[in-house]
1. Here's a check for you: in segment 115-128, which residue that is surrounded by 12 or more Cβ atoms within 10 Å (Cβ to Cβ) and more than 17 Å from Gln73 (Cβ to Cβ) is farthest from the chain's Cα centre (by Cα)?
2. List the pairs whose first member sits in segment 122-151 and is on the phi > 0 side of the Ramachandran plot, whose second member is hydrophobic (A, V, I, L, M, F, W, C), and whose Cβ atoms are under 9 Å apart, counting only residues at least 6 apart or on separate chains?
3. Of the conditions (1) surrounded by fewer than 20 Cβ atoms within 10 Å (Cβ to Cβ); (2) out of contact with any strand residue (DSSP E or B) (no Cβ under 7 Å at 6 or more places or on another chain); (3) touching a residue at least 40 places away in the same chain (Cβ under 8 Å); (4) of a type outside the set (A, V, I, L, M, F, W, C), Ser32 satisfies every one except a single condition; which number is it?
4. Pick out the one residue from Leu64, Leu119, Leu109 that is in the same structural domain as Ala162 (by TED's automatic domain parsing), in contact with a Ser or Thr (Cβ under 9 Å, 6 or more places away or on another chain) and not small (Gly, Ala, Ser).
5. In segment 1-54, what residues are over 16 Å from the mean Cα position of the chain (by Cα), part of a loop (DSSP other than H, G, I, E, B) and of a type in the set (Val, Ile, Thr)?
6. Across segment 251-302, which residue is nearest to Ala84 (Cα to Cα) among those that are within 21 Å of the chain's Cα centre (by Cα) and of a type in the set (Lys, Arg)?
7. Out of segment 61-75, which residues are within 22 Å of the chain's Cα centre (by Cα) and more than 15 Å from Leu236 (Cβ to Cβ)?
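The values are calculated or read from the model by the stated rules, or taken from the named source; none is laboratory data. This structure is a prediction, so every number in the text was calculated from the model and none was measured. Note that each Cβ is placed from the backbone with ideal geometry, even for glycine, and that neighbours are counted across all protein chains shown.
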Amino acid sequence: MRPEVAVTGLGLVTPAGHTAEANWAALCRGRSLAATDPELAGLPVDFSCQVTDFDAAAELGRSLARRADGFIQFAVVAARRAVADAALEPGAWPPQRVGVVLGVGANSLSTYVTEFGHLGLGRPDRVSPLALPRSVPSMAAGEVAMDLGAQGPNFITSSACASGATAVGVARDLLLSGACDIVLAGGSESARSRMTATCFTRMRALSRRRDHPQLASRPFDAARDGFVLGEGAAVLVLERLSHARARGAPVQAVLRGYGAGADAHHPVAPHPDGRGAVQALRAALEDAACEPADVGLVNAHGTSTPLNDAAEAAALTRVFGDDIPPVTAAKGVIGHALGAAGAIQAVYTVLALRHRTVPPVANFEGQDGDHKLDVVAGSPRPLGKGAGISCSFGFGGQNAVLLFTSH
């Protein structure tokens, strides 16, 4: 039989807090954390969901904080938290057997805007020598490896907003192949730059509710009008179950299934029938040897955009028929962390299984269209079955689905 892959550690840095406990409490309250963002002042969309109370110098030391952009800082802190949660001692593990796979959706545009500004003014001498190492996506994984002494396979995955989920799925493959004994898997992103906000605004992807930002992110709601920019990082420690048990590790969940599929349809719009999402969902179920009836929770991608939510609802209806499991969507609370979103959702799915609870969707008042989901709203709901699915879908029609079960 194929080895099982255990989740033994969780690390989070999100707008909902820097611990699993703080994040879980915020999810269960079901209230959006969006607020006016000074970084975006003067733009048509000037609000976001921000990581607060994060002191990079205090967490990482002045040297690393200075040479790393926010998404790298978040990744290193989340990885440290996950390793501690897994009761691992980095100095005592075989470093060549420990891998790092992180999802990052894009370069750090804040740094690039600043440095290109120097070039535009004819001052190449003002461009920072740290411009590349502080902003290249792969440095998130590289800095985690340097910080923790992980010398195994080290890379990032980039599949737009599915990047974090893709990283977790690929990390599982490294364990199943025997290439690693431990993999730190997840994602990190800090998209609160003026350029990022402007680009998404020009695409009409962001909510325009600047007078009431706390009401802006409303996954699957009939009045949804776009997503809210977020940021953060999540890291899961993955091990073969036999390896985890041999060292007496705390097993929090089992990663049983991973599926992926492409829409092959449009650069930014999803296939209206959720074609690639359906393929990824079915592949994850088959990989896990689970039936749709075994699933007690869908942690939906749920961006709060009209097209994406409709396509996801269509995909879930095609896969689950009239018996769609309870649906939650964390972006109503923490916004959309882009390349990190799938990893954050993966951690939230593990927490839901651990607490046997499905958190509510913020700002959900009622859905429209032909597809009726069982959206959890208002207050948390008990989880009735032991499997949870986490869905992540990105630009380019890139889809990834993870299936977790209680251990």
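1. That would be Arg126.
2. Every condition considered, the pairs that remain are Gly149/Trp93; Gly149/Val98.
3. (1)
4. Leu109
5. Correct list: Val45, Thr52.
6. Arg256
7. Of everything in segment 61-75, those that are within 22 Å of the chain's Cα centre (by Cα) and more than 15 Å from Leu236 (Cβ to Cβ) turn out to be Ala68, Asp69, Gly70, Phe71, Ile72, Gln73.
Conditions (1) part of a loop (DSSP other than H, G, I, E, B); (2) crowded, with 20+ Cβ neighbours inside 10 Å; (3) in the same structural domain as Ala26 (by TED's automatic domain parsing); (4) among the polar types (S, T, N, Q), marked per residue:
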{"site": "Val298", "(1), (2), (3), (4)": "no, yes, no, no"}
{"site": "Gly302", "(1), (2), (3), (4)": "yes, yes, no, no"}
{"site": "Leu307", "(1), (2), (3), (4)": "no, no, no, no"}
{"site": "Thr317", "(1), (2), (3), (4)": "no, no, no, yes"}
{"site": "Ile344", "(1), (2), (3), (4)": "no, yes, no, no"}
